[in-house]
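S.K.: This is the structure, below, for whatever I ask next.
What follows draws every value from the coordinates through simple rules; no lab data is involved. Keep in mind the model is a prediction, meaning the values are calculated, not measured. Please note: Cβ atoms are built from the backbone with ideal geometry, for glycine as well, and neighbour counts cover all protein chains shown.
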Amino acid sequence: MSTNTNDKTDQATGLLLMAAAGFFGYQTTGLEIGTMFRMGPGYFPMILSGLLFLLGVLIFLKSFGRTSEPFGTIAWRGMALILPAPIIFGLTVRGLGFVPALFIATLIAAQASVKMRPLPSLILAVVVTILSTLIFSYGLGLPFRLFGPWVQF
């Protein structure tokens, strides 16, 4: 009696990474690639797509000869709160400004853990917002509005 020794999750992951690499690599076909010393706008995305494809191939090949582990439960709460956080940031950063949008996005993402309580999540949001403002606005000098037109003082 023979047992199946292929890890199906690694096979699916490898195929998914190769498909994503193919999709993003295809997007570079209309861009000038250039050379290593005179890179065009398509050079870096093409290199990243190639590396992603190689990673997918390695994961796919590694799946053979290994037994699958049980998949376990899916962290729906995490996906429902972490995935929308950057989207909400992107949708509100122009209107609210960097500081309030980042604070709200951090608060939303912090709720992904069932262990996170309200006071620690508020402290986390304040610390992330202060450090990010210091790093990106003052340290790197990026030109964005700290508070947008929706926020009136």
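S.K.: Using helices alone, I'd like the mean residue ellipticity at 222 nm for the chain: each DSSP H run of four-plus residues gives -39500 (n - 2.57), total over residue count, nearest 500.
M.R.: Numbers: 6 runs with 88 residues, N = 153.
Estimated from H runs of four or more residues: -18500 deg cm²/dmol.
S.K.: Full-extension gain between residue 35 and residue 61, please, as 0.36 nm times their residue separation minus the C-alpha to C-alpha distance. Please report the intermediate quantities before stating the final value.
M.R.: On the way: separation 26, 0.36 × 26 = 9.36 nm, distance 3.08 nm.
So the chain would gain 6.3 nm between residue 35 and residue 61.
S.K.: Please list the non-local residues whose amide H lies under 5 Å from the amide H of residue 34, H modeled 1.01 Å from N, same-chain partners needing a gap of 5 or more.
M.R.: When sequence neighbours closer than 5 places are left aside, the close amide H contacts are 40.
S.K.: Would you work out the Kirkwood radius for the stretch 43-97? I mean one over the mean of 1/r across all pairs of different Cα atoms, in Å.
M.R.: On the way: mean 1/r = 0.0654 Å⁻¹.
So the Kirkwood estimate lands at 15.3 Å.
S.K.: Would you mind checking the tilt of helix 118-132 against the longest principal axis of the Cα atoms of the chain, expressed as 0 to 90 degrees and rounded to 10?
M.R.: In the chain, helix 118-132 runs at an angle near 90 degrees to the longest axis.
S.K.: Separate question: If R0 is 22 Å, what FRET efficiency do you get for residue 113 and residue 87 from their C-beta distance, rounded to 0.05? Don't skip to the answer; put the middle values down first.
M.R.: Details: r = 19 Å, r/R0 = 0.88.
In this case the efficiency is close to 0.70.
S.K.: Match the structure shown to one of the listed values (1) 19.8, 56; (2) 14.5, 45; (3) 21.6, 75 of Rg and Dmax of the Cα atoms in Å, computed from it, and give that label.
M.R.: Calculated Rg and Dmax of the Cα atoms in Å: the matching label is (3).
S.K.: When the chain is treated as a GNM, springs tying every alpha-carbon pair under 10 Å, which of 135, 108, 82 comes out with the largest mean-square fluctuation?
M.R.: Of 135, 108, 82, the Gaussian network model singles out 135 as fluctuating most.
S.K.: Run through all the Cα pairs of the stretch 76-139 and give the fraction in each 10 Å bin from 0, expressed as whole percent.
M.R.: 24, 51, 24, 2
S.K.: Here's another thing I want to ask about it. Would you give the gap between the C-alpha center of the stretch 47-107 and the C-alpha center of the stretch 7-35, rounded to a whole Å?
M.R.: First find each Cα centre; the distance between them is then 16 Å.
S.K.: While we're looking at this one, here's another question. How large is the convex hull of the C-alpha atoms of the stretch 8-62 per residue, in Å³? Write out the running numbers ahead of the final one.
M.R.: Numbers: hull volume 2.9 nm³, N = 55.
Cα convex hull per residue, to the nearest whole number: 52 Å³.
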